[in-house]
Amino acid sequence: MKRTNEKFAEQFPTFQILNEEGKIVNEEKMPDLSEDELKELMTRMVYTRILDQRSIALNRQGRLGFYAPTAGQEASQLGSQFALEQDDFLLPAYRDVPQLIWQGLPLYKAFLWSRGHYVGSQMPEEVNALTPQIIIGAQYVQTAGVALGIKKRNEKRVAITYTGDGGTSQGDFYEGMNFAGAFNAPAIFIAQNNRFAISTPVEKQTAAKTLAQKAVAAGIEGIQVDGMDVLAVYVATKEARDRAVNGEGPTLIETLTYRYGPHTMAGDDPTRYRTEDLDSEWEQKDPLVRFRKYLEEKGIWSEDQENEIIEKAKADIKEAIKQADDTPKQKVTDLISNMYETLPANLQEQMEEYKAKESK
């Protein structure tokens with residue numbers, strides 16, 4: 001079995017286009033992106049890094065609720081989202097708010113979602129997405145269902161979802177992929193392997209050498225990608241999307257990435273389970289540093305450009321948090337009325353009770 005496992009792993013080498021020095025190592029797979037598109041990718045990563053820093057600060061100030069840091073995972077998140085079309089359906093996990101924002105969710109709504117406000121879960125009409133899933137791995141089953149619906153309607157679009165390495169230990173992960181594979185549904189499953197399911201290292205979660213090889217059991221395509229290389233993630237996702245809309249079925253993409261911060265801001269301390277050496281190793285692979293080197297070498301990126309993006313992000317965040325603060329507070333009656341179209345008798349009684357309290 002050990003030899004079989006190692007043999008499978010050999011079939012899933014890590015796909016890479018840019019190495020840690022920002023040099024092209026796979027010219028054949030270089031995507032056909034214009035200079036403006038390359039700069040847009042970098043813009044989104046810089047903006048998202050600032051958003052992460054400010055969100056952590058806002059959380060510590062008590063101005064945000066639940067928050068899962070994203071620094072280090074920008075290439076995995078935004079490289080994949082950049083390969084999508086506006087009509088595609090996005091089913092994110094709780095760390096994947098950046099993809100929702102770049103798909104069209106207003107920033108102030110992202111802040112309201114963190115606070116648990118129902119307005120934060122109201123997607124704009126042009127954004128095909130569910131709100132971030134808190135239940136680990138549940139979005140994989142939902143994605144299979146959405147993808148089957150897309151197939152039944154003969155639509156040329158895909159359903160895409162994300163989970164962490166911990167999510168691949170859940171039954172929903174296998175069930176969702178198996179269902180999508182059985183029905184040849186247009187789904188893309190992304191497993192962001194940041195090495196720790198909260199504090200449990202991936203080596204203790206599975207005996208498999210790669211997460212990508214788990215696609216074999218479902219009979220679908222699988223690929224392992226350097227998740228710190230935004231171009232490699234973009235290409236892998238774009239190719240998976242092309243296959244899906246052409247009727248060639250789903251794909252599992254494992255992105256090898258790293259979260260620099262804690263699992264969430266709810267008390268996790270990564271220094272208890274990660275070493276300084278491991279942190280330092282992955283800091284050398286920083287997706288922003290790598291891509292910046294590449295763009296600067298091409299002469300299409302500068303420190304001044306980056307500073308402009310940083311200042312814009314700060315201004316946007318300041319305005320968005322003000323808009324979130326100005327949104328009317330959520331009431332208990334809002335919660336009750338949003339849950340039911342026709343209230344059962346027991347909740348009708350409670351509704352009247354809270355209406356009376358809220359009118360005082």
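At a glance:
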{"read-out": "Matching residues in the stretch 101-113 - criterion: being on the phi < 0 side of the Ramachandran plot and out of contact with any helix residue (DSSP H, G or I) (no Cβ under 7 Å at 6 or more places or on another chain)", "value": "105, 106"}
{"read-out": "Residue in the stretch 311-330 that is at pLDDT below 95 and surrounded by 12 or more Cβ atoms within 10 Å (Cβ to Cβ) present", "value": "yes"}
{"read-out": "Number of the exception - residue 86 against (1) in contact (Cβ under 8 Å) with a residue 40 or more places away in the chain; (2) within 21 Å of the chain's Cα centre (by Cα); (3) assigned to a helix (DSSP H, G or I); (4) more than 25 Å from residue 136 (Cβ to Cβ)", "value": "(3)"}
{"read-out": "Residue check for residue 230: of a type in the set (Val, Ile, Thr) and either at pLDDT below 95 or over 16 Å from the mean Cα position of the chain (by Cα) (or both)", "value": "no"}
{"read-out": "The one condition in (1) without any contact (Cβ under 8 Å) to a residue 40 or more places away in the chain; (2) in contact with a strand residue (DSSP E or B) (Cβ under 9 Å, 6 or more places away or on another chain); (3) surrounded by fewer than 24 Cβ atoms within 10 Å (Cβ to Cβ) that residue 176 fails to fulfil", "value": "(3)"}
{"read-out": "Any chance residue 98 is more than 27 Å from residue 210 (Cβ to Cβ) and either modelled with pLDDT of 95 or more or in the same structural domain as residue 257 (by TED's automatic domain parsing) (or both)", "value": "no"}
{"read-out": "Pairs, first part of a strand (DSSP E or B) in the stretch 256-281, second of a type in the set (A, V, I, L, M), C-beta under 9 Å, six or more apart", "value": "256/225; 256/228"}
{"read-out": "Among the residues listed as 216, 245, the single one being modelled with pLDDT under 95, surrounded by fewer than 21 Cβ atoms within 10 Å (Cβ to Cβ) and within 19 Å of residue 187 (Cα to Cα)", "value": "216"}
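Rundown of residues vs (1) more than 30 Å from residue 290 (Cβ to Cβ); (2) in contact with a strand residue (DSSP E or B) (Cβ under 7 Å, 6 or more places away or on another chain), yes/no style:
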{"position": "37", "(1), (2)": "no, no"}
{"position": "56", "(1), (2)": "no, no"}
{"position": "82", "(1), (2)": "no, no"}
{"position": "99", "(1), (2)": "no, yes"}
{"position": "112", "(1), (2)": "yes, no"}
{"position": "116", "(1), (2)": "yes, no"}
{"position": "144", "(1), (2)": "yes, yes"}
{"position": "152", "(1), (2)": "yes, no"}
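Yes or no, residue by residue, for (1) assigned by TED's automatic domain parsing to the domain that holds residue 242; (2) farther than 18 Å from residue 224 by Cβ; (3) buried (at least 17 other Cβ atoms within 10 Å of the Cβ); (4) not small (Gly, Ala, Ser):
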{"position": "6", "(1), (2), (3), (4)": "yes, no, no, yes"}
{"position": "11", "(1), (2), (3), (4)": "yes, no, no, yes"}
{"position": "34", "(1), (2), (3), (4)": "yes, yes, no, no"}
{"position": "46", "(1), (2), (3), (4)": "yes, yes, yes, yes"}
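The values are calculated or read from the model by the stated rules, or taken from the named source; none is laboratory data. Small disclaimer: the values here were computed from a predicted structure and weren't measured. Cβ: placed from backbone, ideal geometry, glycine included. Neighbour counts: every protein chain shown.
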